[in-house]
Structures are given as structure tokens and as C-alpha cells.
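Read through the structure below, which is laid out as C-alpha cells, and then see the notes.
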Amino acid sequence: MVSAVDSTRLVSAQYALKNLRSSDDDSSQDSQSSSVASILSGYGLDSSSASLLSNQALSGLLDTLSSQSDTSDQTDATEDGADVTSASFMSMLKEQLQDAAAAEGESGKAHDMLAALEAGTLTITDPTQGVSIAAWDVDDPDEADTESKAGKAIDVSGWSDFLDAHLERGGDGAFVKENGSYVDQTNDSNAFFGLIGSNYYYLSWPQAAST
């Protein structure tokens, strides 16, 4: 059952999506980015990267949130997305992480994810399609001829159920973060829930060893 609060959030997401798709000037896009940040916070998600997302990415995010109002449409937001098991997806992922790392400066979450990608310890999960896969670096000479890899089949579920099963919520309803990243409660890894291209994915990687 969808609560009154969730219904309000979903309506807000749908209106923001409509306005976003009809906005072309920079001031309108800045305004919509602020609206999206507010909606993200309402869902307990990190809103700090909202201003870095492209118009297309924000549209994909709002599509995902809006689709949660009808469980029969939970996979609609990703069914036309890139194949997460393909080299083209991994190339897009690396390029996006490199851009985000450059925007961060010397260090940050994007740097950590990029390092994990290059080390082969970054995992990408999409529960709406029921697949999880270890990411690989397309620039690694050993992967030069790799066009795709087999993913691991997981239970298909909506994002809300998946995130609640993997992330801890604080007293304010927001997902808890440690050292700037969410922590996956199932395996103690760092985690991030965000847009790759125009679709949502769950990224996880090992925490740094204690010194």
C-alpha cells in the first residue's frame, strides 16, 4: 500500500518530470535540479550529486520514482537502458566516474568507485532486471576482446524493497552514511545508489582496510 506521504512524493516527482522535459534554459534547469534534490531527500537518498546530473539523467531518475506508484510498471524505467553486462555499459560507467571524479577534485566517492572499477572490485546491481555483475575496466589490455560477461541472477524487486533490505535508515528516515558512502548491511561494503547514463543502478565496493 502506498502511504499518503509516498503519494505526495510521487506526484511531486511526476510534476518535476513534466516541467523538466519542457525546460530548456539554464535557470529553469537549475530550478528543477533543486526540486529533484528535494525529492531525493524525501526518499532518504543523497541529494548532493543532483546538480551534477544531466537533464537526461534527471529525467531517468524521475521516471524511476514515478513508476514506483504502480508495481506492474517497476521495470519500465530500465527496460530500454544499456545492457549492464556489456562492454559498452562499462565504458559509459568509467567515463561517467571519471567526469564525476574530476568534478570532486583530489578525492571523494567517485574516486573510490573509479579505483574499485580499475581493481575489479566494483559490483553493479539492478534488482528491477534481476542482475548483478562485477564491473571491469574496458581499458585493461586483458579485457580488450571482452564484449560482455555473464551476470549473476538475483531476485527481481522494486528499488524501495531492495534499498530497505540493503541500507539502514536513521531516525530521520534517510539512509545512513559512513565516511560519505552508504554501507551495505548484507556484506559491509560501501554502496552508492545513482544514475549511470539515464537509469538507476546500485554500486558497491569493499571498504578500505583499517590502518
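The values are calculated or read from the model by the stated rules, or taken from the named source; none is laboratory data. All of these numbers come straight from a predicted model, not from anything done at the bench. Reconstructed Cβ throughout: ideal geometry from the backbone, glycine too, with neighbour counts over all protein chains shown. Heavy atoms of the whole protein, side chains included, go into the accessibility calculation; ligands, DNA and RNA do not. Shrake-Rupley method; radii C 1.70, N 1.55, O 1.52, S 1.80 Å.
Within segment 135-167, the residues that satisfy the criterion of being in contact with a strand residue (DSSP E or B) (Cβ under 8 Å, 6 or more places away or on another chain), closer than 21 Å to SER189 by Cβ and surrounded by 14 or more Cβ atoms within 10 Å (Cβ to Cβ) are ALA135, LYS149, GLY151, ILE154, TRP159, PHE162, LEU163, HIS166, LEU167. Residues that are under 15 Å from GLU143 (Cα atoms) and of a type in the set (Gly, Ala, Ser) within segment 86-107 comprise SER86, ALA87, SER88, SER91, listed in sequence order.
ASP99 meets each of the listed conditions (1) outside any helix (DSSP H, G or I); (2) over 24 Å from ASN187 (Cβ atoms); (3) not β-branched (Val, Ile, Thr) apart from (1). Open to solvent by less than 20 Å² (accessible area, probe 1.4 Å), at pLDDT 90 or above and in contact with a strand residue (DSSP E or B) (Cβ under 9 Å, 6 or more places away or on another chain): does that describe GLY60? The answer is no for GLY60. Could you check segment 80-99 and list, in sequence order, the residues that are at pLDDT 90 or above and open to solvent by less than 40 Å² (accessible area, probe 1.4 Å)? Within segment 80-99, VAL84, THR85, SER86, ALA87, PHE89, MET90, LEU93, LYS94, LEU97 qualify. Checking the structure you have, find out if any residue of segment 174-193 is closer than 14 Å to LEU93 by Cβ and open to solvent by less than 70 Å² (accessible area, probe 1.4 Å). There is at least one residue in segment 174-193 that is closer than 14 Å to LEU93 by Cβ and open to solvent by less than 70 Å² (accessible area, probe 1.4 Å). When segment 101-131 is filtered for residues that are within 13 Å of the chain's Cα centre (by Cα) and open to solvent by less than 30 Å² (accessible area, probe 1.4 Å), the ones remaining, listed by number, are ALA110, MET113, ILE124, THR125, ASP126, PRO127, THR128.
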